[in-house]
Amino acid sequence: MRLRNKPWADDFMKENDHIVVQAPFEWKGKWKELFAEPSKPLHLEIGSGKGQFIAGMSKQHEEINFIGIERVKSVIVGALKKVLNSETTNARLVNEDAEDLRDLFATNEVDHIYLNFSDPWPKNKHEKRRL
């Protein structure tokens, strides 16, 4: 399936900055402060895609705070819609490349990582792009 550019994506993400973190690198070491209950464990989903997993898990596990990271803007807005529809308060989204994880999170800041359907790079010449 081909994803089309969504010219409204930037505005939609800014309107929902309570879910989409606008300056993610500034939160390194203090991600839990984004949530109403910072004492909950923090789980990270790499490659959130259209958001089915993070929206479902955040609704099913209210005892956990979730962060979903997705690099493609036209995809993360789908995740944002699903999180908004799930009406949960324990999910945040980040529009960044997972390659920057070390710059986004401090050591031992994340309690659990989900890597469900990452973007594969099967050819040998693409090895540098793999996670």
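Structure summary
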{"quantity": "Residues located in the stretch 52-81, provided they are within 15 Å of Ile19 (Cα to Cα), of a type outside the set (A, V, I, L, M, F, W, C) and touching a residue at least 40 places away in the same chain (Cβ under 8 Å)", "calculated": "Lys73"}
{"quantity": "Positions within the stretch 50-87 being in contact with a Gly (Cβ under 6 Å, 6 or more places away or on another chain) and more than 22 Å from Arg4 (Cβ to Cβ), in sequence order", "calculated": "Ile54"}
{"quantity": "Long-range neighbours under 6 Å by Cβ, at least six apart or interchain, first residue within 15 Å of Asn65 (Cα to Cα) within the stretch 92-118, second β-branched (Val, Ile, Thr) and in a strand (DSSP E or B)", "calculated": "Arg92/Ile67; Leu93/Val20; Val94/Ile69"}
{"quantity": "Residue selected from the stretch 22-57 under the condition charged (D, E, K, R) and modelled with pLDDT of 95 or more, by the criterion farthest from Ala98 (Cα to Cα)", "calculated": "Glu37"}
{"quantity": "Any hit, the stretch 68-85, residues being among the polar types (S, T, N, Q) and either buried (at least 17 other Cβ atoms within 10 Å of the Cβ) or at positive phi (or both)", "calculated": "no"}
{"quantity": "Filter pass, Lys123 being surrounded by fewer than 19 Cβ atoms within 10 Å (Cβ to Cβ), over 26 Å from Ala9 (Cα atoms), over 11 Å from the mean Cα position of the chain (by Cα) and modelled with pLDDT under 95", "calculated": "yes"}
{"quantity": "Residue match in the stretch 93-104 (condition: in contact with a His (Cβ under 9 Å, 6 or more places away or on another chain), under 25 Å from Trp8 (Cβ atoms) and at pLDDT 95 or above)", "calculated": "no"}
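The values are calculated or read from the model by the stated rules, or taken from the named source; none is laboratory data. All values reported here derive from a predicted model rather than from experimental measurement. A quick note on method: Cβ atoms are made from the backbone with ideal geometry, for glycine too, and the neighbour counts reach across all protein chains shown.
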